[in-house]
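Chemist: Let me give you the structure first, and then I'll get to my questions.
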Amino acid sequence: ESVQRTESVQRMESVQRKESVQRMESVQRKESVQRMESVQRKESVQRMESVQRKESVQRMESVQRMESVQRMESVQRTESVQRTESVQRTESVQRTESVQRMESVQRMESVLRTESVLRMESVLRTESVLRMENT
């Protein structure tokens, strides 16, 4: 009986040790899996956040480039309009000056023709008077 009890106790202790080892190994596997999953989730979140930051920066830079191009084009259009208006004002001034010069020349020619006619009439009257005196 003593031998049987000893063997029974030994078997029981052996079973308990095995079960304890199995429980411990199971707990360790679970903890290892949980740590691994936690690390993977953290890395996945970090990668996602990094991608989102990069995309956000790229969108912002794209918007800034677009706005810069639009401002530049607006400035160029304004300068082009100003140059066109300046050319038009210059041409208008030149046309006005040309018309004024033409009118001035016409007035001078008219004055010269009038003076020439008056001189001719004066000469003709003088000649007429002289002829009358001679006869």
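Chemist: If you go through segment 29-40 one residue at a time, do you hit one that is hydrophobic (A, V, I, L, M, F, W, C), in a helix (DSSP H, G or I) and open to solvent by 100 Å² or more (accessible area, probe 1.4 Å)?
Modeler: Taking every residue of segment 29-40 in turn, at least one turns out to be hydrophobic (A, V, I, L, M, F, W, C), in a helix (DSSP H, G or I) and open to solvent by 100 Å² or more (accessible area, probe 1.4 Å).
Chemist: For the structure I just gave you, tell me whether MET72 is surrounded by fewer than 10 Cβ atoms within 10 Å (Cβ to Cβ) and not basic (Lys, Arg).
Modeler: Criteria not met by MET72.
The values are calculated or read from the model by the stated rules, or taken from the named source; none is laboratory data. Just so you know, these numbers come straight off a predicted model, no measurement behind them. FYI the Cβ positions are ideal-geometry reconstructions off the backbone, even for glycines, and counts take in every protein chain you see. To get the accessible areas, we keep the full protein, side chains included, count just its heavy atoms, and leave off ligands, DNA and RNA. Shrake-Rupley method; radii C 1.70, N 1.55, O 1.52, S 1.80 Å.
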